[in-house]
Structure formats: structure tokens, C-alpha cells
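Report on the structure given below.
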Amino acid sequence: MGSLFDASERENRIKALPLAARMRPNFLSEFVGQEHFLGEGKLLRRLLKSDRLGSVIFYGPPGTGKTTLAYILARETRSDFRQLSAVSDGVKPLREVLLRAKDRLAAEGRKTLLFVDEIHRFNKSQQDVLLPEVEQGVVTLIGATTENPFFTINNALLSRSRVFQFEPLSQKNIIEILNRAVRDKEKGLGNYPIRLHPDAALYLAKVCDGDARRALSTLEIGVLSSLDDPADGEGGQKGVIEFTRELAAESMQRRLVSYDRDGDTHYDTISALIKSIRGSDPDAAIYWLARMLEGGEDVRFLARRLMILASEDVGNADPHALPMAVAAAQACEMVGLPECQLNLAQAVTYLAAAPKSNAATVAIETARADIREGRILPVPRFLRDSHYSGAKQLGHTGYQYAHDCEGAVAAADYLGVDREYYTPTGRGFEKEIGQRLEKIRAILKQAKSDGGTAPPETDPPAEDGETKES
């Protein structure tokens with residue numbers, strides 16, 4: 001009688017589970033996605049076949065199968081499965097699990113697979129508690145995290161674990177999972193008369209951001225909310241729930257953009273924005289800008305990054321780039337959201353479409369590297385401060401005022417060594433700068449060969465549209 005009662009309780013609990021929880025696969029053959037490390041011949045599959053799993057860190061976004069795969073690995077390795085949450089469990093329950101794992105290994109020879117969800121929320125001391133048992137093989141640790149483990153997990157624990165990065169599920173993966181849920185009569189919705197329209201499945205696959213849990217939850221809401229009103233309209237069959245694209249859109253609550261202003265998503269997305277602008281793709285750049293704005297990113301942060309990029313990646317190829325970025329930053333301060341998105345969009349598209357040059361960036365980096373490596377040059381005497389009575393006695397003489405010279409180029413050796421840091425590109429306005437600089441450097445080079453401060457003996461370069469006489 002008791003066993004029947006227990007079975008009934010278990011069945012009731014299973015029925016109460018959300019569809020996403022019920023549809024979790026139990027075997028590796030049922031698992032969908034993450035082929036890059038779980039496919040035939042890939043690392044994790046090879047570790048399982050050779051019984052050399054060891055401790056691992058699962059890193060990736062929600063709904064990609066981290067918890068599910070941990071369950072499956074416990075089954076595949078015939079290990080006793082124990083689960084803790086770093087959000088709610090502290091050192092005491094952790095020590096209890098480790099102690100029982102040690103006793104179980106000694107008494108039964110059976111390993112324990114310890115799954116720690118949100119492991120990045122354990123502090124350093126809590127993570128250190130795991131080290132001895134992990135190192136001795138008392139437990140096989142699987143830590144799941146949505147945060148970059150190389151920033152949030154102790155180096156000691158990382159060195160004893162392999163990191164597997166989970167990717168968002170593909171649209172094909174999501175569609176396969178949805179169709180499986182519609183067909184499955186035991187765990188899914190197979191007992192309901194459902195016709196999942198292909199365009200509805202594709203819509204969910206696109207808008208769920210690779211999160212199977214979100215897609216299944218939307219499917220479940222749409223089906224259960226339609227039980228009392230089965231479709232009988234055009235193209236539908238009486239008594240059949242027509243899960244259309246419209247029903248999918250109605251069942252999907254307003255999408256919450258997965259974006260953590262202090263986490264990996266923040267750094268990855270700003271990286272995508274900067275690299276898209278640098279790569280001259282305004283369409284990609286405007287998308288990543290929109291992604292950050294939808295996620296609630298600080299507009300001041302965005303404006304600062306654009307000002308940096310204007311000099312770093314556009315530079316003198318388009319001298320208007322920096323004023324544009326500065327103007328956008330000032331507009332953001334004065335206008336605020338939501339309207340300042342227009343100012344940011346203008347700046348982003350302008351910078352992306354502008355000619356690119358990192359010549360100024362390379363110049364300052366090279367010069368600073370020379371200084372750090374010990375190339376400390378004395379200031380030439382004629383360039384030193386001469387605004388005091390004893391300057392002449394110290395030899396601070398010989399400076400020529402450039403504006404009194406032809407073309408405002410005073411030929412002299414201003415550095416003391418033969419070194420060129422700034423090399424203009426042939427793109428945009430820098431092409432013109434390069435042509436002018438070539439003539440100027442010829443004059444300066446002649447001055448160096450003449451002793452450093454002699455007046456120029458060759459004509460300075462003429463400005464566009466003017467002659468020496470004018």
C-alpha cells in the first residue's frame with residue numbers, strides 16, 4: 001500500500017512540474033545541443049568513454065542544458081548525484097555532502113558527483129573547502145555558472161577542473177525540442193490535440209535567445225490557455241489546438257533582454273560594438289548599440305567609449321570624428337534617454353562609416369614603450385625654457401619661432417635622435433597629412449644633417465592653393 005502511495009505522490013509531483021522541467025532528457029542520446037564538446041569524438045564524449053571525466057565547470061547562459069547534463073553525467077558514470085546551490089547553501093551543508101561522499105567511497109566504492117549550481121556565488125573560502133576532496137577524487141565536481149569562471153572561480157579550483165563553455169541553442173535545436181514536447185505523451189504535451197505550426201516553432205526559436213526553457217514555457221502557456229477554446233477557424237480542425245505564430249507571440253511575455261551591466265554580457269557586447277565600428281559595419285554596430293540600450297546600459301559609458309574610439313580607430317583619417325563623439329556625449333548629458341539614443345545612433349553610424357586610422361594610437365604607444373624601455377632623451381638646449389635671466393648662461397638659446405619661417409616650418413632637430421613615431425595612412429584626410437608631412441620631414445632631416453638648428457635651406461611645403469610668394 002505504501003509503495004502505491006509513494007508512486008502516486010511521485011506521479012503528482014511530476015505532473016506539477018513545468019513542461020521545461022518534465023522534458024529534461026535522462027540519457028546522453030536524448031541531449032540536444034553543445035555538439036562542439038559533446039558530439040562524437042569531442043572532448044567530453046571521449047572523457048566519458050574512457051571513464052576519465054574528472055571535475056568540470058559548465059559555463060554558459062541559462063536554458064542551455066547545464067543542470068540537465070550534470071544529471072545525465074551522474075547516470076553515465078554510475079555516480080551518486082548530490083546537488084547544492086551556492087545561492088542558498090553554505091559551508092555546513094557542503095561539508096556534510098563531502099563527508100558522506102568520503103564514507104560512501106570507502107564503504108561502497110561508489111563515487112559521488114556533486115553539482116553546485118551558481119558556483120560563482122561561493123566566496124573564496126567556500127570554494128577552498130572543495131579543493132581537498134576534488135584533488136583526491138572523493139567527489140567529481142560539476143560547477144555551473146553564468147559568469148566567466150576565469151574571473152569568478154579560484155585559480156586553484158580552476159586548475160583542477162576542465163571548463164566547458166555552453167553556447168545558446170541553435171534555432172534547429174529549439175525546434176527539435178518543441179516538436180519533441182508536442183509528441184511526448186509521457187512527459188510532454190502529447191496527450192493534447194496540438195498542431196504546432198512551423199512558422200510558430202521558428203518564431204519561438206528566434207525570440208527565445210537560445211534558451212530552451214523559455215521556448216518550452218511559452219509553448220506550455222499557449223497550449224494550456226487554449227484548452228477551453230480549441231481552434232475551429234480557417235485552416236484549423238475542430239477540437240485541435242492550432243499553435244500559430246500569433247498564439248506564440250501572445251504567449252510570449254515581453255522579452256527581457258539578457259544583459260548584466262556588471263557581468264560578461266556587458267563586456268562581450270561593448271566589445272562587439274567597438275569591433276563592429278572598427279570593422280566599418282554600421283548595421284552590426286547599431287544592433288549592438290540597441291542591445292546595450294535595451295539592457296539598460298549607462299549612456300555615459302557608451303559616450304565615453306565612442307570618444308575613445310574616435311581617436312583610437314578613426315583618428316586623423318577623419319578629424320570630424322572626435323568632435324562628433326564629443327558632441328554626442330554632451331547631447332546625452334543635456335537630453336537624456338530616450339531621445340539621446342538618436343545622438344548615439346548618429347555617432348555610431350558616422351564612426352562606423354568613417355575612414356579608419358590607428359596611426360595616432362600606434363604613435364603614442366610606440367613612444368611610451370621607448371620611454372618605459374629606457375630611451376630617456378634629454379631636452380635639446382634650444383627647446384628648454386628660456387624665460388628667466390640665467391637661461392642664456394645655461395645655453396638655452398637658438399630657438400627659431402616657427403611663424404617667422406617660410407611655411408611656418410622651423411628646420412631643427414627637435415628630438416635629438418632619428419626616430420619617426422607617426423606614420424599617416426593613405427586613408428581619408430590622413431592621405432593629405434602624409435603628403436604634407438613627407439615634405440616637412442625632408443626639411444627637418446636636412447636640418448639634422450646640418451647640425452640640428454640651422455635655418456632651412458630648402459623651400460617649405462606650400463599649403464593647398466597658395467604659392468611661396470603669396
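Numerical summary
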quantity: Residues of the stretch 309-327 satisfying the condition of being closer than 9 Å to Phe429 by Cβ and part of a helix (DSSP H, G or I); calculated: Asn316, Ala317
quantity: Residues of the stretch 59-96 classified as among the basic types (Lys, Arg), over 30 Å from Gln171 (Cβ atoms) and touching a residue at least 24 places away in the same chain (Cβ under 8 Å), total; calculated: 3
quantity: Subset of the stretch 252-279 (residues that are among the small types (Gly, Ala, Ser) and either in contact with a His (Cβ under 9 Å, 6 or more places away or on another chain) or modelled with pLDDT under 85 (or both)); calculated: Ser258, Gly263
quantity: Qualifying residue in the stretch 340-357 (condition: touching an Asp or Glu at 6+ places or on another chain (Cβ under 7 Å) and among the hydroxyl-bearing types (Ser, Thr, Tyr)); calculated: yes
quantity: Residues located in the stretch 27-58, provided they are of a type in the set (S, T, N, Q) and either touching a Cys at 6+ places or on another chain (Cβ under 6 Å) or within 25 Å of Ile174 (Cα to Cα) (or both); calculated: Ser29, Gln34
quantity: Exclusive hit being in contact with a helix residue (DSSP H, G or I) (Cβ under 8 Å, 6 or more places away or on another chain) and either among the hydroxyl-bearing types (Ser, Thr, Tyr) or more than 26 Å from His320 (Cβ to Cβ) (or both), set Ala408, Ala412, Ala369; calculated: Ala412
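The values are calculated or read from the model by the stated rules, or taken from the named source; none is laboratory data. Source: prediction; values computed, not measured. Neighbour counts run over all protein chains shown; Cβ positions are idealised from the backbone, glycine included.
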